[in-house]
1. Which of the residues belonging to region 74-122 are over 14 Å from the mean Cα position of the chain (by Cα) and small (Gly, Ala, Ser)?
2. Taking interchain pairs and intrachain pairs at least six residues apart, which have beta carbon atoms under 6 angstrom, with the first residue in region 46-64 and more than 21 Å from residue 25 (Cβ to Cβ) and the second assigned to a helix (DSSP H, G or I) and not β-branched (Val, Ile, Thr)?
3. Could you say whether any residue in region 164-179 is outside any helix (DSSP H, G or I), modelled with pLDDT of 65 or more and of a type in the set (Ser, Thr, Tyr)?
4. Of these, 55, 106, which one is in contact with a helix residue (DSSP H, G or I) (Cβ under 7 Å, 6 or more places away or on another chain) and outside any helix (DSSP H, G or I)?
5. For residues in region 79-102 being free of Cβ contacts under 8 Å to residues at least 40 places away in the same chain and within 12 Å of residue 43 (Cα to Cα), which is surrounded by the fewest Cβ atoms within 10 Å (Cβ to Cβ)?
6. Scan region 52-78 residue by residue and report those that are more than 17 Å from residue 23 (Cβ to Cβ) and either among the hydroxyl-bearing types (Ser, Thr, Tyr) or modelled with pLDDT of 95 or more (or both).
7. Could you tell me whether any residue of region 95-117 is touching a strand residue (DSSP E or B) at 6+ places or on another chain (Cβ under 9 Å), modelled with pLDDT of 95 or more and of a type in the set (Phe, Trp, Tyr)?
Amino acid sequence: MIEEFNAWLQDNSGLYASLPVALDRLVSGSRILAVGPFSLIAAAMADERIEDAVVELMCADDEALSVFRSTIDPDSRIPLRQGVEGVYDLVYAPMYINHIPKKDLVGFLFDVHDGLSAGGHFIFSFEDSLKVNLAEERMIPLWFCDQEVLTKYYTVEDVLNTLTTIGFRVRGIEEVEGDGIIHAVSFDCTL
């Protein structure tokens with residue numbers, strides 16, 4: 001899995017460009033929630049890098065979790081959560097919102113907002129669309145297994161408007177470059 005991740009990361013490094021900066025902002029004992037299958041390696045990095053960090057996973061992809069547990073976290077040190085439970089200093093969700101329906105997206109964003117500590121960061125990326133088309137979706141392959149997932153597309157404006165309406169303060173928006181991605185955007189948000 002590490003080899004596949006490193007190969008994928010070379011093509012899509014922009015997805016993780018914000019991670020070292022985010023981890024540098026955290027102090028000993030910080031609480032981190034890694035959301036979705038693309039965040040699993042980030043969870044392991046945070047667990048190793050931040051002293052006394054409380055790192056938790058939120059991932060419904062059983063196959064990704066199985067590979068992660070067997071290769072990276074065989075002792076299951078990093079616990080799995082069903083949702084945003086408690087208060088976090090960092091919620092990291094690369095390429096996650098593309099895989100949840102619009103009807104569930106707003107609820108997830110409210111949960112993150114309510115679960116973010118004062119001064120905490122919500123960092124996520126997503127493959128965007130040039131126009132709103134809620135019916136648009138396709139299956140895309142995952143880098144870590146032979147599985148494909150249903151993908152929805154949102155415009156940057158739609159996501160930005162939703163975030164500000166909920167009460168997030170957007171600190172940064174960056175385009176994500178990579179051969180393996182058509183076009184993606186990364187957001188760094190606080191309260």
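The values are calculated or read from the model by the stated rules, or taken from the named source; none is laboratory data. Quick caveat, the model's predicted, so the values are computed rather than measured. Every residue, glycine as well, gets a Cβ built from its backbone with ideal geometry; the counts of neighbours run over all protein chains shown.
1. Scanning region 74-122 gives 76, 86, 107, 115, 117, 118, 119, 120.
2. 59/37; 59/65; 61/37; 64/37
3. no
4. Details: 106 fails: outside any helix (DSSP H, G or I).
The conditions single out 55.
5. So in region 79-102, the residues free of Cβ contacts under 8 Å to residues at least 40 places away in the same chain come out as 79-80, 82-83, 85.
Still in the list and also within 12 Å of residue 43 (Cα to Cα): 79-80.
On the way: 79: 10, 80: 12.
My answer is 79.
6. Residues satisfying the conditions are 58, 66, 70, 71, 76.
7. Keep residues of region 95-117 that are touching a strand residue (DSSP E or B) at 6+ places or on another chain (Cβ under 9 Å), which gives 95-102, 105, 108-109, 112-113, 115-117.
Next, only the ones that are modelled with pLDDT of 95 or more stay: 108-109, 112-113, 115-117.
Still in the list and also of a type in the set (Phe, Trp, Tyr): 108.
Within region 95-117 (the criterion being touching a strand residue (DSSP E or B) at 6+ places or on another chain (Cβ under 9 Å), modelled with pLDDT of 95 or more and of a type in the set (Phe, Trp, Tyr)), the answer is yes, since at least one residue qualifies.
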